[in-house]
Structures are given as C-alpha cells and as structure tokens.
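Report on the structure given below.
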Amino acid sequence: MSTVSSETFSNILLEQVREGVYLLTINRPKVLNALNEETLEEMNQALSIIITDKSARVLLIKGAGEKAFVAGADIEHMSHLSPIEGKAFAEHGMHLFRRLETLDIPVVALVNGYALGGGCELAMSCDFILASENAKFGQPEVNLGITPGFGGSQRLTRLVGRAMAMELLVTGRSMSADEAMRRGLVNHVYPLEELLDHGLKLASMIAGKSGSAIQLTKQLVQRGQDLDLDNACIMESDLFGLSFSTDDRTEGMAAFLENRAPNFS
Ligand code: DAK
C-alpha cells in the first residue's frame, strides 16, 4: 500500500493512503488497542487534521495487529480514576465519538478482531462497519461493575433494537461477526487478510463520487434519524434544493446528458 502522507503519534497512526482517503490505525497492540486518555486526545488531533483538508473524502479506522480492533476503554487507566475523573473520561470519549459521527465525510470501521466496550462504541460511531471473520462485538461493562460510558447503551439500541440491545448489555456476551451482520450492526464480513483491501476499494469508490452530495447525504441520515418523518422530509427537500447550488450538480447532470463520466471538483 503506497502512502501519500502520514502523521506519527504515540498511540495512533494517521495515513493518507490515496488522494482523499485517510486510514487511522489505533496502535497499541500490546493492550489490544485499548483506549486511554492519550489515545482519545490523539484521535481528536487526527480529526482536526482531516477536517482542515478540503480534499478529504473518506476515513477508515482499524486496529493494529490481527487480534483486536479495540478491546475497550483501557481498564488499567480507568482503575485509577475518581468518579469526577471517570465522568471527564466519558465526556472526552463521547465528544470524540460524536465528532466522528458528524464529520462531513463517511467514516468506516474496519473491525479486525475484538470490538468490546469502548471498541464496540467506537465502531458504532462510524457510519458503517466492515468486519473480519474473527471479529467479536460486545458491551461487557457489566462484568466490570460499570455502565457503558461512550454512548453504547444509546447507539446499540438504535442499531439492533431495544430487546436485543438489552440482552447484550445485561449479559455482557459477545457476538460473532456473522451474528452482528444478521442483527444489522455489520454491513459485510470478509476473511481477515482481505478486510483492508475491501475497505480501500470501497473508499476509492466513495472518493470518486460527488463530495458535496455525500456531505449533504450524511447530514440527512445523521440529523434525520432523530426527527419525525414530516420534519425529516422537509429537511430532505431543503438539502435537495441546496445540492442544486453546487458545481457537482452542474457537472453530474451535464456528464449524464453528454454520456460521459463525471469529473467532480
Ligand atoms: N484495557 C487494558 N488492557 C487490556 C484490555 C483493556 N480493555 N483488553 C486487553 N488488555 C490487555 C491485557 O491486560 C493483556 O495485557 P498483558 O497481560 O499482556 O500485559 C493484553 O491486552 C492481551 O490481553 P489478554 O491476554 O487478555 O488476551 P486474551 O486473548 O486472553 O483475551 C480479551 C482477549 C479481549 C477477551 C480480553 O483481553 C478481555 O476480556 N479484555 C477486556 C475486554 C473488556 O472488558 N473490554 C471492555 C472494557 S470496559 C466510562 C468510559 C468508558 C467505558 C465505560 C465507562 N466512564 C468513564 C463512565 C467503556 C468501558 C469499556 O470499554
């Protein structure tokens, strides 16, 4: 894989692997990529870099190594926190995950192994998930005597429904990649060694589409899901109208009428 540019941090790697395609790797394989305060901070910095790059089109997120995406919030780190520090840690993660969810570009999780607790919450903050066959998803916080703290109780419920979310949250059991796909949490499952290639192919396909249309579409899906249908459809009409003000709309329609591929700006 050739790289256009890369930024090295202590706990993550941020690479621009193709024009417009960023790959963020959580890089703490010795602790199965568990999230501590520094990792959250570095991910925040990485998002700031991506936001200022107007050519950014897609962000992929994976874990380093072959065993884990992210095995949760760092339990060693959390074991020393006071209740006030615990609240601050949860707020830090919540803010970061919400930033990911509302980023202007699609964010895709490549779940290459364990996605437990904060790892499952991170994956669920992405727009969708591709998983390897060895992936395992779960919210095992009940085993530690705590509740999910990075939005897991809310996003899991929205994604798999209340009854299944309750079962997973109160038992702490893990789901295989296949079960997660059946339950609507995962879009596709691939052999581990093929996961990144599939992620990159998908990212290239997205990067070739209209960036402005994708940005507006993400807003529609993200903001629309918490609205009633009437107001959501009004928002869709508004953003549909707004899309007619873009150069991409002029180019996309002209290309269709001239029977050629569009060249989006
Ligand atoms: N944190 C820290 N270290 C971890 C870790 C984690 N979450 N998961 C694994 N490790 C470390 C292990 O301690 C071990 O370190 P060494 O002993 O080698 O030094 C190394 O990674 C390899 O792990 P194992 O030896 O355990 O590997 P196995 O293959 O045997 O087992 C496993 C893999 C994923 C099943 C197991 O490691 C495991 O159960 N890990 C913990 C999974 C877990 O419970 N995750 C959820 C964490 S709770 C909140 C904010 C956030 C959250 C909650 C509240 N507020 C502040 C309110 C979120 C909570 C969570 O995410």
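For segment 36-72 and segment 198-233, what is the centre-to-centre distance using only Cα atoms, to the nearest Å?
So the separation of the two Cα centres works out to 20 Å.
Report the FRET efficiency, 1/(1 + (r/R0)^6), for residue 204 and residue 82, where r is their Cβ-Cβ distance and R0 is 45 Å, rounded to 0.05. Please report the intermediate quantities before stating the final value.
Values: r = 46 Å, r/R0 = 1.03.
Calculated value: 0.45.
With Cβ to Cβ distances under 14 Å as the rule, what net charge do the other residues near residue 165 carry (K, R +1; D, E -1)?
Around residue 165, the surrounding residues sum to +1.
With a probe of 1.4 Å, find how much accessible area the chain has per residue, and write the answer as a whole number in Å².
Working: 13410 Å² over 265 residues.
For the chain, the solvent-accessible area averages 51 Å² per residue.
Pop the C-beta distance of residue 245 and residue 154 into the FRET formula with R0 = 30 Å and round what comes out to the nearest 0.05.
For R0 = 30 Å, the calculated efficiency reads 0.30.
Tally Lys and Arg at +1 and Asp and Glu at -1 over the other residues with C-beta under 11 Å from the C-beta of residue 64: what net charge comes out?
Result for the local shell: +3.
Relative to the first principal axis of the alpha-carbon coordinates of the chain, what is the inclination of helix 37-52, with its axis defined by its Cα atoms, in degrees from 0 to 90 and to the nearest 10?
0
Roughly to the nearest percent, how much of the accessible area of the chain is carbon and sulfur, given a 1.4 Å probe? Don't jump to the answer; show the numbers that get you there.
Details: 7440 of 13410 Å².
Here carbon and sulfur together make up 55 percent of the probe-accessible area.
Just the number, please: percent antiparallel of the DSSP beta bridges in the chain, rounded to the nearest 5.
About 35 percent, rounded to the nearest 5.
Suppose R0 equals 25 Å. What FRET efficiency, 1/(1 + (r/R0)^6) with r the Cβ-Cβ distance, do residue 221 and residue 265 give to the nearest 0.05?
Numbers: r = 23 Å, r/R0 = 0.92.
Once rounded, the FRET efficiency stands at 0.60.
If each DSSP helix of 4+ residues adds -39,500 (n - 2.57) and the sum is divided by the residues in the chain, what number results at 222 nm, nearest 500 deg cm²/dmol?
Working: 11 runs with 129 residues, N = 265.
Counting only the DSSP helices, I get -15000 deg cm²/dmol.
At residue 44 and residue 253, where each label point lies 7 Å from the Cα along Cα→Cβ, what is the point-to-point distance in nanometres?
Taking the simple label geometry, residue 44 and residue 253 are separated by 4.3 nm.
Gain in length, residue 147 to residue 194, computed as 0.36 nm per residue apart minus the alpha-carbon separation, to one decimal in nm?
On the way: separation 47, 0.36 × 47 = 16.92 nm, distance 3.43 nm.
Result: 13.5 nm gained on full extension.
Give a residue-ordered list of calculated ³J(HN,Hα) values for segment 114-122 (Karplus: 6.51 cos²θ - 1.76 cosθ + 1.60, θ = phi - 60°; whole Hz; x for Gly, Pro).
4, 10, 10, x, x, x, 5, 5, 5
Compute the angle between helix 83-101 and the longest alpha-carbon principal axis of the chain, please, reported from 0 to 90 degrees and rounded to the nearest 10.
The helix 83-101 is inclined about 20 degrees to the chain.
If packing is taken as the average count of other Cβ atoms within 10 Å, what order do 135-143, 85-93, 236-244, 68-76 fall into, highest mean first?
On the way: 135-143: 21.7, 85-93: 16.3, 236-244: 12.3, 68-76: 23.6.
Most protected by this proxy first, the peptides run 68-76, 135-143, 85-93, 236-244.
Please determine, in degrees from 0 to 90 and to the nearest 10, the orientation of helix 229-243 with respect to the longest principal axis defined by the Cα atoms of the chain, where the helix direction is its Cα long axis.
50
Once fully extended, how much extra length lies between residue 182 and residue 230, figured as 0.36 nm per residue of separation less the alpha-carbon to alpha-carbon distance?
Details: separation 48, 0.36 × 48 = 17.28 nm, distance 3.00 nm.
Here the answer is 14.3 nm.
Below 8 Å between Cα atoms, with a sequence gap of 6+, how large is the relative contact order for the chain in percent? It would help to have the intermediate numbers written out before the result.
Values: 467 pairs, mean separation 38.9, N = 265.
Computed over the chain, the figure is 15 percent.
The values are calculated or read from the model by the stated rules, or taken from the named source; none is laboratory data. From a predicted model like this one, the values you see are computed outputs, not experimental measurements. Note: ideal-geometry Cβ built from the backbone for every residue, glycine included; neighbour counts use all protein chains shown. When the accessible area is computed, the model is the full protein with side chains, heavy atoms only, and any ligands, DNA or RNA have been set aside. Shrake-Rupley method; radii C 1.70, N 1.55, O 1.52, S 1.80 Å.
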